[in-house]
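A short write-up of the structure that comes next.
The values are calculated or read from the model by the stated rules, or taken from the named source; none is laboratory data. The shown structure was predicted, so the numbers you read here are calculated from the model rather than taken from an experiment. We place every Cβ from the backbone using ideal geometry, glycine too, and count neighbours over all the protein chains shown. With ligands, DNA and RNA removed, areas are computed over all heavy atoms of the protein, side chains included. Shrake-Rupley method; radii C 1.70, N 1.55, O 1.52, S 1.80 Å.
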Amino acid sequence: MAKAKKVQTDNDVKRKAVKLVIAHLKKKVEKDFIGSEHIKEWIADMDKLLDKPEFNLIEYFEMRKGLNDVIERTIDEEMRFKLRDSWYSFGKALDKKVKRS
């Protein structure tokens, strides 16, 4: 008997894409810099959100706004540019949809 294949939803695709963005973001902020505690706190909150079983798109948009606030408070210019790239990628991840065949 064949196992039923789980139907992937747009929210599944969005969550997976956001997790990938956050994984890359974590690598970018491994070294300490002035204000790094703000981004690390934001990442901890993001991890909690990703652990929730439900996917509430509004919560993710709020987290993206929060990331923008953290970026604006980051003094290190090079790091600010790296974080801004992640912010942009986060937005693209929230736009993802299931590929229809």
- Query: Of all residues in region 1-41, which are of a type in the set (Val, Ile, Thr) and over 16 Å from THR74 (Cβ atoms)?
  - Reply: VAL7, THR9, VAL13, VAL18, VAL21, ILE22
- Of all residues in region 57-101, which are of a type in the set (Ser, Thr, Tyr) and either open to solvent by 90 Å² or more (accessible area, probe 1.4 Å) or at pLDDT 95 or above (or both)? TYR60, SER86, TYR88, SER89, SER101
- Task: Out of the residues in region 1-45 that are of a type in the set (A, V, I, L, M) and modelled with pLDDT under 85, state the one that is farthest from ASP69 (Cα to Cα).
- Result: MET1
- Query: Residues of region 22-56 being open to solvent by less than 20 Å² (accessible area, probe 1.4 Å) and of a type in the set (A, V, I, L, M, F, W, C), which ones?
  - Reply: ILE22, LEU25, VAL29, ILE39, TRP42, ILE43, MET46, LEU49, LEU50
